[in-house]
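The values are calculated or read from the model by the stated rules, or taken from the named source; none is laboratory data. The structure presented is a predicted model; accordingly, all values stated were derived computationally and were not measured. Positions of Cβ are backbone-derived with ideal geometry, glycine not excepted, and every protein chain shown enters the neighbour counts. Accessible surface areas use protein heavy atoms only, side chains included; no ligands, DNA or RNA. Shrake-Rupley method; radii C 1.70, N 1.55, O 1.52, S 1.80 Å.
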Amino acid sequence: MADPSSYRPKPGQIPDSPGVYKFRDEHRRVIYVGKAKSLRQRLASYFQDLSGLHPRTRTMVTTAASVEWTVVSTEVEALQLEYSWIKEFDPRFNVKYRDDKSYPYLAVTMNEEFPRVQVMRGQKKKGVRYFGPYGHAWAIRDTVDLLLRVFPVRTCSAGVFKNAARTGRPCLLGYIGKCSAPCVERVSPEEHRELAEEFCDFMAGRTGTYIRRLEARMTEAAEEMEYERAARLRDDIEALKKAMEKSAVVLADATDADLIALAEDELEAAVQIFHVRGGRVRGQRGWVTDKVEAVTTGDLVEHALQQLYGEETGDSVPKEVLVPALPELVEPVQEWLAERRGSNVSLRIPQRGDKKALMETVQRNALQALGLHKTKRASDLTTRSRALEEIAEALDLDSAPLRIECYDISHLQGDDVVASMVVFEDGLARKSEYRRFQIKGFEGQDDVRSMHEVITRRFRRYLAEKEKTGEWADGENGLTEEDGRPKRFAYPPQLVVVDGGQPQVAAAKRALDELGIDDIAVCGLAKRLEEVWVPGEDDPVVLPRTSEGLYLLQRVRDEAHRFAITYQRAKRARRFRASPLDDVPGLGETRKQALIKHFGSVKKLRSATIDQICEVPGIGRKTAEAITVALAQAAPAAPAVNTATGEIMEDEEYATDATDATDATDATDATDAESETTAGSAGEPVSAGSSDERRGQER
């Protein structure tokens, strides 16, 4: 625990101007980001008598080891910079709302030649119109099913669309009238896009005009005695009205607004948002957060606005935002919202009428969400705490291991040997901290030697970062990073877990001893009997099968195995897809695809002349000569054999699917000189419970 006076800035150092400040811990990790109208006054409030601080603020300033700040011109700039830093550094003491699920949106891909209506989750994409979010995906599909009768827009995937275009036969929706079938040119691209725009207009709330237009056309058809067309229009109107009934009118004046309500106690807060468009509730979502800092309701509202609109622009930010309490500085927040929208935004508390009544409904939803979350969280927190305590007791640790790192080695019969490092903090996976390694110190299969190499490399990097950040130096920190952040391996764990038994544990301990590290505990979890091995002991520690501590160790070990084998498979797939064209300097994926498309296969390309290769768009004579040399040096592939008949098939080398090749390349790109890579998207999850037979072949 640090004394705040040890890093308190000297009098007169802090400017009396707007800005954003960061508190860092002893490992240079950012633990809190805040903004202030006056940096001098705000930072001075942290360095008063500890007894006068809020308990959570007191914990933050005693955890911190330094403070730094950045001066900005206006309070709006401070708000924007604060949001960017919270998103970048993920500080542990900041309010961070977290979704309990990924909310689905109804999306229309207006960026495609033939726009498609579909359900989408996750990050929003440019050129796509979004409506929602909705509580359930089935609610979107029910609405779309009704609207496709009137707006027969494409809903099929790219593969289905291309197949229908190739065969000249539309899918079932095209036959039953719920798709205009642009795949077989029943409508032109312009006509289909007009249908998609009408669909978007209806979903955006402009419903009355369109229904009145249909009613006029229905009356006209009836007067002309075209009763079949009139009946069709009547059914279309009923379908639209039924779709509208699914979202009841809540505000009579066709208001576009977002209503935000909060429910909170001393420790946690829940926020609920209703998205009202055209007077109807078009979407709902909710978040919860731990109140790790001393915050008011206005502060919680401000953080909710940052998270809700930080990535939004244009009409995604409504004209009106209704909240239960206003932030301390209303004008900068309102100006920031107006910048995001491109026009004025009203931020206010509803006082009377329908809007106040609807706000009470949103408030009840927030109270219910907080109660449900606390019911789930109580058991979860208790279980995780008990698991960490059991591990600490079984391994004779001084305190619970709040950060656990686990390592696993994976290979296929000695080829493509890789390793994984996964991180659990407070009993939960922290995927942004995952790392993966390529074993480069030797070739062949040796799990013990591989484990020694990985532990050595990881903690050698830790010691190097520790020295770079000036933790061993006197006076000013010797930072080398431009933004002052330490690199990726700067944070030590309290416990290192290895997937294996006594030999792997001994190798990990030996690596730490060689580096002079003696304050990190080591253990191993052997898969066969789930025994916990510790260094220097002939007998394992046997935890009860019902132990929460054992269950947590199993989760950590299985996650390390999943992550390692996913990387190993991607690396192996990339090797299998290797082509002689990969060795041609300056020949990228686009021109490789052009070559294969032109000649049909590598075999035909190998027999082509330089002049024939130059006929491919983008291929010059010098590149063609390099391609010819590379293909001449590469040995032709062995002939394929039909395993069912034993027949030797024609020696034809087919083109590799360009998309798969690109994915495999992306999955295995190394990000530094030692090939430790960040765990962003490691591919599809692999079941941790592999059979013993498979595990023997593929570790």
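Values computed for the structure shown
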{"read-out": "Of all residues in the stretch 129-167 being assigned to a loop (DSSP other than H, G, I, E, B) and open to solvent by 50 Å² or more (accessible area, probe 1.4 Å), the one that is nearest to Glu215 (Cα to Cα)", "value": "Arg149"}
{"read-out": "Residues of the stretch 381-421 classified as in contact with a helix residue (DSSP H, G or I) (Cβ under 7 Å, 6 or more places away or on another chain), within 18 Å of Val532 (Cα to Cα) and open to solvent by less than 10 Å² (accessible area, probe 1.4 Å), total", "value": "8"}
{"read-out": "Selected residue (only one of Arg129, Arg98, Arg56 is modelled with pLDDT of 85 or more and not hydrophobic (A, V, I, L, M, F, W, C))", "value": "Arg129"}
{"read-out": "Enumeration of residues in the stretch 269-303 that are of a type in the set (Ser, Thr, Tyr) and open to solvent by 30 Å² or more (accessible area, probe 1.4 Å)", "value": "Thr296, Thr297"}
{"read-out": "Matching residues in the stretch 322-333 - criterion: being within 23 Å of Lys355 (Cα to Cα), open to solvent by 10 Å² or more (accessible area, probe 1.4 Å), in contact (Cβ under 8 Å) with a residue 24 or more places away in the chain and of a type outside the set (D, E, K, R)", "value": "Pro324, Ala325, Leu326"}
{"read-out": "Filter pass, Arg186 being in contact with a helix residue (DSSP H, G or I) (Cβ under 9 Å, 6 or more places away or on another chain) and either open to solvent by less than 40 Å² (accessible area, probe 1.4 Å) or modelled with pLDDT of 85 or more (or both)", "value": "yes"}
{"read-out": "Within the stretch 309-321, considering residues that are assigned to a loop (DSSP other than H, G, I, E, B) and touching a helix residue (DSSP H, G or I) at 6+ places or on another chain (Cβ under 7 Å), the one surrounded by the fewest Cβ atoms within 10 Å (Cβ to Cβ)", "value": "Thr313"}
{"read-out": "Residue among Arg572, Arg577 that is charged (D, E, K, R), at pLDDT below 80 and either closer than 12 Å to Ser410 by Cα or open to solvent by less than 30 Å² (accessible area, probe 1.4 Å) (or both)", "value": "Arg572"}
{"read-out": "Restricting the stretch 530-563 to residues that are among the hydrophobic types (A, V, I, L, M, F, W, C) and in a loop (DSSP other than H, G, I, E, B), the residue that is modelled with the highest pLDDT", "value": "Val534"}
{"read-out": "Residue ID - nearest to Leu147 (Cα to Cα), chosen from residues in the stretch 158-180 that are out of contact with any His (no Cβ under 8 Å at 6 or more places or on another chain) and in contact (Cβ under 8 Å) with a residue 24 or more places away in the chain", "value": "Lys178"}
{"read-out": "Close pairs from the stretch 490-519: first open to solvent by 10 Å² or more (accessible area, probe 1.4 Å), partner assigned to a strand (DSSP E or B) and among the aromatic types (Phe, Trp, Tyr), Cβ under 7 Å, at least 6 apart", "value": "Gly501/Trp533; Gln502/Trp533"}
{"read-out": "Filtered residue count, the stretch 28-65, keeping only those that are surrounded by 19 or more Cβ atoms within 10 Å (Cβ to Cβ), farther than 30 Å from Tyr462 by Cβ and touching a helix residue (DSSP H, G or I) at 6+ places or on another chain (Cβ under 6 Å)", "value": "2"}
{"read-out": "Scope the stretch 341-375; condition open to solvent by less than 60 Å² (accessible area, probe 1.4 Å) and of a type in the set (Lys, Arg); matching residues", "value": "Arg341, Lys355"}
{"read-out": "Residue pairs meeting the criteria (Cβ under 8 Å; at least 6 apart or on separate chains; first under 14 Å from Leu581 (Cβ atoms) and among the aromatic types (Phe, Trp, Tyr), in the stretch 594-620; second open to solvent by 10 Å² or more (accessible area, probe 1.4 Å) and at pLDDT 85 or above)", "value": "Phe599/Ala608"}
{"read-out": "Options Arg435, Arg458; residue that is touching a Phe, Trp or Tyr at 6+ places or on another chain (Cβ under 7 Å) and within 24 Å of Lys527 (Cβ to Cβ)", "value": "Arg458"}
{"read-out": "Residue in the stretch 440-464 that is nearest to Ala511 (Cα to Cα), counting only those that are open to solvent by less than 10 Å² (accessible area, probe 1.4 Å) and not polar (S, T, N, Q)", "value": "Ile455"}
{"read-out": "Test: residue in the stretch 605-617 that is modelled with pLDDT of 80 or more, assigned to a loop (DSSP other than H, G, I, E, B) and under 42 Å from the mean Cα position of the chain (by Cα)", "value": "yes"}
{"read-out": "Any chance Phe437 is at pLDDT below 90, open to solvent by less than 10 Å² (accessible area, probe 1.4 Å), under 23 Å from the mean Cα position of the chain (by Cα) and closer than 19 Å to Gln568 by Cβ", "value": "yes"}
